Amino acid sequence: MKYFGNKKIFAIAYELKESPFNEPGKYEPTWGEFQMWVYNNSICTFSMNDKIREYEWDLRFIVDWFCKNKNYILEESPFPLPCEGNNAIELYNNSGDFDSDDDNEFDLWFEKRQDWHFSHSWYSDRGGSYLADVIFRRVNNTIELAWDNTILYSNIKYVNPKGVFYIPVKLFQTVIDDFIKEFMQEKLVMNF
């Protein structure tokens, strides 16, 4: 496993592996195991059939999502809809209660909600996997990581199903940048 950061605050680890779905003659160099910790809480570890498992899938989805959305996370911008909440999970959930007889107003509201969620949560780019739904958002000089995966999937249970934690912006940026850089270099080497 390659580690970036400090599990006691914020860390990522990954290891590329052979895909269980490889067909003869086809090689996918981005399959692997991925772990993320916030203050010693493993976010992506889950239990399935009474067995503890680490997240394993095509890691290209996570890397691509961070490449596309890291700047949205690092910018401090308010939630785009007028609603109350103490963290990103509450803001997102509370914004789902909107109703209007005006179809344009209704569509615009949910378009803003969806666009914000797509740029702050990697869940939309999970590629059909059991990836935890985590929302990343800047709050002052920290990055908030908020999740509630208590009822996300019916057949698995996360080891740490809920959480809201704040980590220093610089640490978040360094860990994400180092992870992306190493992953891209390793992928290039494996393609030759």
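One table, with the values for the structure above:
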read-out: Stretchable slack from residue 124 to residue 140, in nm (0.36 nm times residue separation minus alpha-carbon distance); value: 3.2 nm
read-out: Where 48, 1, 36 fall by accessible area, highest first, once all protein chains stay in place (1.4 Å); value: 1, 48, 36
read-out: Solvent-accessible area, 1.4 Å probe, carbon plus sulfur percent, for the range 1-133; value: 44
read-out: Stretchable slack from residue 41 to residue 178, in nm (0.36 nm times residue separation minus alpha-carbon distance); value: 47.3 nm
read-out: Entries in 51/181; 51/170; 7/181; 8/112 that, when Cα-Cα distance is taken, lie over 29 Å; value: 51/181; 51/170; 8/112
read-out: Answer label for mean projected area of the Cα convex hull in nm² (calculated), chosen among (1) 12.6; (2) 27.9; (3) 10.6; value: (1)
read-out: With DNA, RNA and ligands ignored, accessible area of residue 75 (1.4 Å probe; Å², nearest 10); value: 100
read-out: Sequence of 9, 167 from largest to smallest accessible area, 1.4 Å probe; value: 9, 167
read-out: Whole-number percent relative contact order across the range 31-182, with pairs defined as alpha carbons under 8 Å at least 6 apart; value: 25
read-out: Value of relative contact order over the range 1-79, rounded to a whole percent, pairs C-alpha under 8 Å and six or more apart; value: 23
read-out: Where labels lie 7 Å past Cα in the beta-carbon direction, separation of residue 114 and residue 49 in nm; value: 3.5
read-out: Dipole in debye (nearest 20) - the range 1-124, about Cα centre, beta carbon charges: Lys, Arg +1; Asp, Glu -1; value: 1080
read-out: Vicinal HN-Hα couplings computed from phi for the range 127-141 (Karplus, 6.51 cos²θ - 1.76 cosθ + 1.60; Hz; Gly/Pro x); value: x, x, 8, 8, 7, 4, 8, 10, 9, 10, 8, 7, 9, 6, 9
read-out: Whole-number accessible area per residue in Å² for the chain, which is evaluated in the context of all protein chains at 1.4 Å; value: 55
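The values are calculated or read from the model by the stated rules, or taken from the named source; none is laboratory data. The shown structure was predicted, so the numbers you read here are calculated from the model rather than taken from an experiment. Note that each Cβ is placed from the backbone with ideal geometry, even for glycine, and that neighbours are counted across all protein chains shown. We work out accessible area using only protein heavy atoms, side chains counted, and drop any ligands, DNA or RNA first. Shrake-Rupley method; radii C 1.70, N 1.55, O 1.52, S 1.80 Å.
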